[in-house]
Structures are given as C-alpha cells and as structure tokens.
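Peer 1: What follows is a single structure, and I will ask about it in a moment.
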C-alpha cells in the first residue's frame, strides 16, 4: 500500500489505518496469545502511529510500517520481553529437525493441529509464518516489519517451515499412538 | 534432497523468484519428482497456515474504541459537509485514497483468485495422477463430468492446432465445484478451469492475458460460466487456446 505523495491528514490516517484493524488484531492476538493484551497492543499501535504519522515517510509501505510498530510494541511489552529473550543470531541457530517432505501429513493435519503447532513455535518463527502466509507479505515487506535483511527473511522462513513441519510430525505420531 | 534447485523452492512457491528463474524451475519440477513433491508440500503448508492463521476477530466494541481514538473530529461532529465544499482538496485527497484502497483491495482479491488457481495448476501437475479422466477425445472428457459438476460446457475441436487435450478432473474454487482440464502445447501443460459465474469476486477479472509470476492467466465469462486459462506459456499461446474455447463455448 503506497501512500500517495500528498499532504497527510488525520482523515488520511483513518482511511489508511482502519482497513488494517482486523489484520493487526489477529497478528497481535497470535503474538500475545491473550485477547485483552492483544487489544492493548492494537490500541497502543494506533496511538503511536497516529502520533508518528506526520513523520511517516512518503512512498514507504504503510502496512509494513503499522505492523512494525505493533511488533515493536509487543517486543517491549511484558509478554514480549519474556517470549523473545533470544537474539537474532540465536534464532538462526535454533535447531529444527529436517524430516522428509511429509506432504500427506500436512494434507491430513487438520486446522486445529496447525493452529496448535503455530502456537507452540517460538515467536520469531510464528510471526514470520503469519506475515508470509496470512498477510501475504512479500519478503521485502517482511524485512521492513522485522527490520532484518531480505536474506535473513529467506533463511528464517525456511527454518520456520521446517520447525512447524517437525512439530506436526510429532503431533501426528502422537495422534496415531493415541496420545 | 541434493538437487541444486531445492534451495530455491521456498522462494518459488512464495512468488519471489525472477520470471526467468521461475520458468526454469517450473520446467525442472516436471522432471524432478523430489522437488515436485517438496513444492507440493510447501503449497499445502502455505494453504494450511493461511487458513489456520486467520483465527482471531476483534469485537465490535473494541472496533468502536479504536475508531474513536483515530477518527478525525470532522467526521464525528457530523457537520463535515460544508467543509468539503470549503476544502475541495480534502475531498479529492480522501477520494483518491479511497479509490486507491478500493483498487488495492480489488487487486488483492484478484491476486488471491489467481494465486489459488496457479497453486491448483502447480499442485495438480506435481501430483502423481494429475487427471482423473485421461483422454485426448473431448467427446470422452466432456460427458465424464456429467453428474459430477452442476453445469455442462463445450470443448473445442483441436485438429489443426498445436494443442492437445490431456484429460480432466473435478476441482474447487471458493467451495464451488468446477472442471479442471489440462491441455498440452509442445512441452507445456496449460490448465483450463471452468466454474459457474456467480458474479461475485471474479467479476472484475481481466479478460486479456495478464502475467502473474511466471504464469499467464486469462479469464472471461460466457453463457453463465467463468473460464480461466493458466499456464507458463506466452500470452499469445494462452490467447489462442482461449479463443478456441470461447468459440466452442
């Protein structure tokens, strides 16, 4: 969503920011894993964004900007601080098993299983999968939200998919063994 | 998976490869079972995450609260009409933003439909048995769909053209059943999708070929049916197959 090169006003902000409301809320809830906290995050994001809107750089991606504010707000929240004590370098080395492609498994894994898998993933993996698949953001946009290079987006996404796949393998085995 | 292409499969399914790389990889997928299986797994995983990830809905009360937080005063005091007259520039700005948003939304919706169709196209070709009815004869393929989908359609005579019919299968787009036919042109497979035109999300789709990633898509409606032609061949080839179908339908 590129912002036209014109003077920005409160009305413009509303027109741009309100359509993102549901997406931001969904993302916030996934990060915080709590409805009340998600509301606080979204509220704070809108307040911060409105305040910083005059300094918003024209021609840059508005959606990525909003998501970045939300994510930074989360990272400095109590839950956020607890959940992401790992640095970027450490994230890149989080081990994730590389099972053979289990296409049948993914096909048979139901939505609830995938939801559980996403919930259990570390935040850096969960957020990148949501931005890519649910928000359908390009690597460039994701890089802007997470403030990491595009190359890191690619490698982290790859690792996140592997991690989710191995979680699903475990879950699937659990179901088969009646656990 | 030792294949040199394997490192690019994620970027491929995410639509992040250049169009030349994408075409080369698409050609490779037809020959490499291990990459095709992996790509199919990725596509399925992308779909599952997209479905599972759209989970949390904000309440109406909270929406109201946010609107109040960011709403411009003009809107709330209800007397904004004269201001629009006084400041036409503001109207132009709002309109242009709204139109922009609308166009972007339309574009996003179109992208979603196309993305789903190209996924179907790739996933079908990557699967072991792409078609359920295998026949080059339109008079065999067409009746096979009878009773399986809630409409009937005509297929063109291909004699004297470079196209050949491979077969067909039943498919779904946005929960509605339709026909998925596969044609071959030289070494390329082209998918033809036919659905009932419900005049909803697909109404604004382009009737001239557009390129999406390395795929070209053309779509039109005729006699209450919505057609899509998807393939990694050039726009001209897509157009000539579309013309044959249009004339037959």
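The values are calculated or read from the model by the stated rules, or taken from the named source; none is laboratory data. Keep in mind the model is a prediction, meaning the values are calculated, not measured. So basically every Cβ, Gly included, is an ideal-geometry build from the backbone, and we count neighbours across all protein chains shown.
Peer 1: Checking the condition away from chain A (no Cβ under 14 Å), in a loop (DSSP other than H, G, I, E, B) and at pLDDT 85 or above, which residue from B:161, B:136, B:171 passes?
Peer 2: It is B:161.
Peer 1: Same structure, new question: Take residue B:173 and decide whether it is within 18 Å of residue B:222 (Cβ to Cβ) and surrounded by 14 or more Cβ atoms within 10 Å (Cβ to Cβ).
Peer 2: Against the criterion (within 18 Å of residue B:222 (Cβ to Cβ) and surrounded by 14 or more Cβ atoms within 10 Å (Cβ to Cβ)), residue B:173 qualifies.
Peer 1: Answer with yes or no whether residue B:67 is closer than 25 Å to residue A:53 by Cβ and at pLDDT 75 or above.
Peer 2: yes
Peer 1: How many of the residues making up segment A:94-117 are at pLDDT 85 or above, within 7 Å of another protein chain (Cβ to nearest Cβ) and farther than 19 Å from residue A:22 by Cα?
Peer 2: Of the residues in segment A:94-117, 1 are at pLDDT 85 or above, within 7 Å of another protein chain (Cβ to nearest Cβ) and farther than 19 Å from residue A:22 by Cα.
Per-residue answers, yes or no, for (1) farther than 12 Å from residue B:58 by Cβ; (2) at the interface with chain B (Cβ under 10 Å from one of its Cβ atoms):
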{"residue": "A:12", "(1), (2)": "yes, yes"}
{"residue": "A:15", "(1), (2)": "yes, yes"}
{"residue": "A:22", "(1), (2)": "no, yes"}
{"residue": "A:29", "(1), (2)": "no, yes"}
{"residue": "A:35", "(1), (2)": "no, yes"}
{"residue": "A:43", "(1), (2)": "no, yes"}
{"residue": "A:49", "(1), (2)": "yes, yes"}
{"residue": "A:52", "(1), (2)": "yes, no"}
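Peer 1: Going through segment B:113-129 one residue at a time, which ones are at pLDDT 80 or above and in contact with a helix residue (DSSP H, G or I) (Cβ under 6 Å, 6 or more places away or on another chain)?
Peer 2: Those that are at pLDDT 80 or above and in contact with a helix residue (DSSP H, G or I) (Cβ under 6 Å, 6 or more places away or on another chain): B:119, B:123.
Peer 1: Follow-up question, since we're still on this one. Name every residue in segment B:12-51 that is in a helix (DSSP H, G or I), touching a helix residue (DSSP H, G or I) at 6+ places or on another chain (Cβ under 8 Å) and without any contact (Cβ under 8 Å) to a residue 12 or more places away in the chain, in order of residue number.
Peer 2: Hits for segment B:12-51 are B:41, B:45, B:48, B:49, B:50, B:51.
Peer 1: Go through segment B:30-55 and report how many residues are more than 18 Å from the chain's Cα centre (by Cα), crowded, with 17+ Cβ neighbours inside 10 Å and at pLDDT 90 or above.
Peer 2: 3
Peer 1: Something else now. Anything in segment B:52-66 that is in contact with a helix residue (DSSP H, G or I) (Cβ under 6 Å, 6 or more places away or on another chain) and in a helix (DSSP H, G or I)? List them, or say none.
Peer 2: Those that are in contact with a helix residue (DSSP H, G or I) (Cβ under 6 Å, 6 or more places away or on another chain) and in a helix (DSSP H, G or I): B:52, B:53, B:62, B:66.
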